[in-house]
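The values are calculated or read from the model by the stated rules, or taken from the named source; none is laboratory data. Fair warning: this is a prediction, and the values are worked out from it, not measured in the lab. Reconstructed Cβ throughout: ideal geometry from the backbone, glycine too, with neighbour counts over all protein chains shown. Protein only, heavy atoms only, side chains kept; ligands, DNA and RNA dropped before computing areas. Shrake-Rupley method; radii C 1.70, N 1.55, O 1.52, S 1.80 Å.
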Amino acid sequence: MTSIRVRLFIAFFISFLFLSLNHQESSAQVNNEIQSAETDKVVRVVRFSGNSDVGNGTLKRLVRTQNNREFLGIPRFTPWYYIHQAIGVGESPAYLNREVVSTDIDRISTYYQNLGYFEASVDTSIIEYRPDRVEVSFIIEEGPRSKIRSVSYRGWPDFEDEYKLPDFYSDSEFGTDMKNDSTFSTDRFYRVADLRTEQTRIVNFLKNNGFASVQRDSVLALVKPIADEENTYDVLYSINPGQLYTFGDVHIRLAGPDISDEYEESRQISDEEHTMPGYSIYIDKQESAQTRFSLLYEQIAFKPGESFDQSAYIRSVNAFQNLGIFLTNRFGLNEDGSSPDYSRSEIPVYIDLQSIPKHSIRAELFGMRRYGFGTGFGINYNNNNLRGRADNFSLGVNTSFEYVPAGTITEISPQDPETGRTTRSGATFFQSYEVRAEYTVPRLNFPLQTFQNRSWVQSSRTRYALTYSQSDQLFFRINSDIRFNLRYEVTHSDKLTSLFDLIEVDIIDTDPSAQFRQNLIDEFGEQSIEFQRIEEDFRPQVSSIIRYTIRNRDVDLIKRASGFSTELSAAIGGNIPYLIDRYISNPGTVDQSLPPPFNLSSNELQYSRFIKFSADFRRYLELSPSLVFAARSFTGFSQPIFDSRSIPLNRRFFAGGSNDIRGWAPFELGPGGITGTPAVPGGEIKLAAFKEFRQTFLRDFLNTDWQLAWHTDAGNIWYGQRTSLLDQDDDELLDEGRFYFNKFYNQIAVGSGLGLRFDFEFLVVRFDLTYRIHDLEEGWFNNSRPRFSFGIGHSF
């Protein structure tokens, strides 16, 4: 089966490659004719010389003179060009254009000027090293780089708060060494980007403190050379703040899903809590919007009549958008949408909104094939504006039925003690259902409501989720699976988000069948410790966790071409069932078990207490316009605490799969050096590292960008020091899977291979072939069987 998949994958790749080459030939034909009219010389090499402080990669992205695309950045290795030369399809030659070369000289010169190389010079050399094959060299003399000695500010207005300017200065990029109350002493290289950043910071600072009319040309950076210090400059920011402004009245209009010209409901808000004396918030809304007035005026982050604050105005607009129930048709500081009228000292605010439909129902019907044939049905109801407060309520029901014909499943036969099994004589009918309810409010509820209006809260949500399910599985039945989650989500900025799971409880009550036990006995033996431990993992149990997660992301989650992502998480588990056990279920004693909920069965629910930490770091670098390098590292640690000796199965770390360490199936890898089925599945420690090069070799063909990827994944999971299993002779069974500093590096599994990415505008489709470079069972480079994997989205 694996060899068939490999052949299909290769055939798929070759067929689409041939189509892509023909597409490139046709799409480039017009450009070739235009450029070949000027010259027939092909640019095979673009070089840069004399550039010691600016990298070749930076300069190559800057210029428009390019050679044909190099595969994986390998110099002169341009396979699409070679194919074109051989058979006439592929990537057409990159012809020389002297006008573009001249423009590139100007681009490089301007770039160096902006970095403070005022004496830099750029020339070019075009060498025809073979007939109609040229090498273009940009010869750069950088010269000395200029420095900034001091940065001063002149023209500040008077602020009532004496700490305003000191706080502004403390955040400056030019340091904290101040010669006086308006001058920084600095010793940093001259960069136009730094000066523009500081100019923007001054403009925003003034706009946030009442000076609404200030523009970029209101703040000028005057650069003065120092006579006795060559290539050194003083910078003076000359500031013209203009007059002080206040917010005028706020006008909000809310239309229903079907816009009409009549607004049946109006209200004027003029109380001290929301406005300054003499100012108002005017709200007109249509009855079909079904939204409370209070929801609208509570999103305003300022009081009409207060000093103008651009950041508060933007936060107010974002607050309406973050509710998720409105379309923002217009917002501005002038009724007709034009620039504000700065001839008046008051600036009114106008916001026009439209509500989206409140109720929605989605249904789905699907077929399935597992052990037999089945079907399923699901329906979901959603109310996005419950109580007119933008509260979101959803209720979903899913159910499935599966008919398994007679003779499909084998089970224990009490009439056949020798083999212990027979083919089931009758048909089997599996069924399952799940009910899920979720309630979300766009604010922090009890007990965190006091943090709602803090400066570090840009937006927030509180989510309540409850799920109940029952199902028949092969060889065991889930009597009840109850899950409840109370989560607080806080957005601090465009990049930073916090997630706090105050309560996450999972109660699962199972009844393993005799066949389930028999399968374990056949593999491990009835008296084995492995049998006892796996049976314990699938026992009825309750787990809970309190978890805090912080995410810092600056990356397009679909493209993942540049930027970074960091996620840190800390959790403690088992405290809720422990408190119930000690103080409610059986006060004064700790049994480490609880009775089943609602008396649905006679099974006792076991629990354990533990701690868990994880760190996930990802970095994306755009090495060239068509080449991306992606890297990820993951570290996870967990450990049972107090009297507990294990961690619930659903709280452990696992390895393998198309989004983890490719080359191994999900849950197949580890722990440690253990091969085959582990005695205790999952691990308490996980280390993993991933890298991937993604080379775009075809753009906008069949409405997608084609990428070839080379990936390498490495890592494993291990048991912690407190997890233990002893055999009948008290010998430790888990040493091979336990983490030891002097041997863990020999238990790192490594997989590497190639893959295809089809990058559509809205999703990425991924195919990978991975070889086990280090197979823990067969050693280094001894396993030649490729593993195929498929996924939606990049693996990281």
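When the stretch 107-145 is filtered for residues that are open to solvent by less than 70 Å² (accessible area, probe 1.4 Å), charged (D, E, K, R) and under 17 Å from Ala94 (Cα atoms), the ones remaining, listed by number, are Asp132, Arg133, Glu135.
A quick yes/no check of all residues on (1) modelled with pLDDT of 90 or more; (2) acidic (Asp, Glu); (3) touching a helix residue (DSSP H, G or I) at 6+ places or on another chain (Cβ under 9 Å); (4) open to solvent by less than 20 Å² (accessible area, probe 1.4 Å):
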site: Val590; (1), (2), (3), (4): no, no, yes, no
site: Pro595; (1), (2), (3), (4): no, no, yes, no
site: Leu600; (1), (2), (3), (4): no, no, no, no
site: Leu605; (1), (2), (3), (4): no, no, yes, yes
site: Ile611; (1), (2), (3), (4): yes, no, no, no
site: Phe634; (1), (2), (3), (4): yes, no, no, no
site: Leu649; (1), (2), (3), (4): no, no, yes, no
site: Glu668; (1), (2), (3), (4): no, yes, no, no
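For the stretch 267-283, check the following and say yes or no: at least one residue is under 41 Å from the mean Cα position of the chain (by Cα), open to solvent by 60 Å² or more (accessible area, probe 1.4 Å), closer than 30 Å to Arg454 by Cβ and hydroxyl-bearing (Ser, Thr, Tyr). Yes, some residue in the stretch 267-283 is under 41 Å from the mean Cα position of the chain (by Cα), open to solvent by 60 Å² or more (accessible area, probe 1.4 Å), closer than 30 Å to Arg454 by Cβ and hydroxyl-bearing (Ser, Thr, Tyr).
Here is a yes/no grid of residues against (1) within 19 Å of Gly656 (Cα to Cα); (2) modelled with pLDDT of 90 or more:
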residue: Leu698; (1), (2): no, no
residue: Thr704; (1), (2): no, no
residue: Gly715; (1), (2): yes, yes
residue: Val750; (1), (2): yes, yes
residue: Glu777; (1), (2): yes, no
residue: Gly793; (1), (2): yes, yes
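The set of residues in the stretch 731-786 that are more than 30 Å from the chain's Cα centre (by Cα) and charged (D, E, K, R) comprises Asp731, Glu732, Asp735, Glu736, Arg738, Lys743, Asp775, Glu777, Glu778, Arg785.
What about Gln85, is it in a helix (DSSP H, G or I) and over 30 Å from Asn180 (Cα atoms)? Criteria met by Gln85. The residue that is modelled with the lowest pLDDT, counting only those in the stretch 420-435 that are open to solvent by 80 Å² or more (accessible area, probe 1.4 Å) and within 11 Å of Phe401 (Cβ to Cβ), is Phe429. Among the residues of the stretch 259-302, those identified as part of a loop (DSSP other than H, G, I, E, B) and among the hydrophobic types (A, V, I, L, M, F, W, C) are Ile259, Met276, Ile300, Ala301, Phe302. Only one entry of Asp187, Asp158, Asp167 meets the criterion of being open to solvent by 40 Å² or more (accessible area, probe 1.4 Å) and in a strand (DSSP E or B), and that entry is Asp187.
Only a single item in (1) under 22 Å from Ser288 (Cβ atoms); (2) out of contact with any helix residue (DSSP H, G or I) (no Cβ under 9 Å at 6 or more places or on another chain); (3) outside any loop (DSSP other than H, G, I, E, B); (4) not polar (S, T, N, Q) is not met by Ile351, and it is number (2).
Table: residues versus (1) open to solvent by less than 60 Å² (accessible area, probe 1.4 Å); (2) in contact (Cβ under 8 Å) with a residue 12 or more places away in the chain; (3) charged (D, E, K, R); (4) over 30 Å from Thr428 (Cβ atoms).
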position: Leu353; (1), (2), (3), (4): yes, yes, no, yes
position: His359; (1), (2), (3), (4): no, yes, no, yes
position: Gly367; (1), (2), (3), (4): no, no, no, no
position: Gly376; (1), (2), (3), (4): yes, yes, no, no
position: Tyr381; (1), (2), (3), (4): no, yes, no, yes
position: Asn384; (1), (2), (3), (4): yes, yes, no, yes
position: Arg387; (1), (2), (3), (4): no, yes, yes, yes
position: Leu395; (1), (2), (3), (4): no, yes, no, yes
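Here Tyr719 meets the list (1) in contact with a His (Cβ under 6 Å, 6 or more places away or on another chain); (2) without any contact (Cβ under 8 Å) to a residue 60 or more places away in the chain; (3) open to solvent by less than 60 Å² (accessible area, probe 1.4 Å) almost entirely, failing just condition (1). Of all residues in the stretch 74-92, at least one satisfies being within 30 Å of Leu621 (Cβ to Cβ), surrounded by 15 or more Cβ atoms within 10 Å (Cβ to Cβ) and among the hydrophobic types (A, V, I, L, M, F, W, C). The residue that is farthest from Phe308 (Cα to Cα), counting only those in the stretch 193-219 that are exposed (fewer than 15 other Cβ atoms within 10 Å of the Cβ) and not basic (Lys, Arg), is Ala193. The set of residues in the stretch 328-351 being aromatic (Phe, Trp, Tyr) and open to solvent by 60 Å² or more (accessible area, probe 1.4 Å) consists of Phe331, Tyr342.
Kindly provide the set of residues from the stretch 455-472 that are free of Cβ contacts under 8 Å to residues at least 60 places away in the same chain and in contact with a His (Cβ under 8 Å, 6 or more places away or on another chain), ordered by number. Listed by number, the residues that qualify are Trp456, Val457.
Which pairs turn up if I take residues in the stretch 92-103 that are within 17 Å of Leu62 (Cβ to Cβ) and look for partners that are of a type outside the set (D, E, K, R) and open to solvent by less than 30 Å² (accessible area, probe 1.4 Å) with beta carbon separation below 6 Å, at least 6 apart in sequence or on another chain? From the stretch 92-103, the pairs are Ala94/Val43; Ala94/Asn67; Ala94/Asn68; Val100/Thr65; Val101/Thr65.
Residues in the stretch 764-796 that are touching a His at 6+ places or on another chain (Cβ under 8 Å) and part of a strand (DSSP E or B): 5 in all. Report yes if Asp181 is at pLDDT below 90 and either open to solvent by less than 80 Å² (accessible area, probe 1.4 Å) or at positive phi (or both), otherwise no. So Asp181 does not fit the description; no.
Look at (1) open to solvent by 20 Å² or more (accessible area, probe 1.4 Å); (2) assigned to a strand (DSSP E or B); (3) under 30 Å from Thr183 (Cβ atoms) and you find that Tyr237 fails only one, number (1).
Residues in the stretch 766-796 that are more than 16 Å from Lys691 (Cβ to Cβ) and in contact (Cβ under 8 Å) with a residue 60 or more places away in the chain: 13 in all.
Among the residues of this structure, Val490 does not count as one that is over 28 Å from Arg553 (Cβ atoms) and either at pLDDT 95 or above or out of contact with any Ser or Thr (no Cβ under 7 Å at 6 or more places or on another chain) (or both). In the stretch 457-464 there is at least one residue matching the filter, namely being within 30 Å of Gln431 (Cβ to Cβ) and either open to solvent by 40 Å² or more (accessible area, probe 1.4 Å) or at pLDDT 90 or above (or both). Every test in (1) open to solvent by 40 Å² or more (accessible area, probe 1.4 Å); (2) part of a strand (DSSP E or B); (3) in contact with a Phe, Trp or Tyr (Cβ under 8 Å, 6 or more places away or on another chain) is passed by Ile148 save one, and that test is (1).
In the stretch 660-675, the residues that are touching a residue at least 12 places away in the same chain (Cβ under 8 Å) reach residues that are in a loop (DSSP other than H, G, I, E, B) and acidic (Asp, Glu) with C-beta atoms within less than 7 angstrom, at least six apart or across chains, in these pairs: Thr675/Glu777.
Evaluated against (1) open to solvent by 50 Å² or more (accessible area, probe 1.4 Å); (2) farther than 21 Å from Leu386 by Cβ, Asn322 falls short on exactly one condition, (2).
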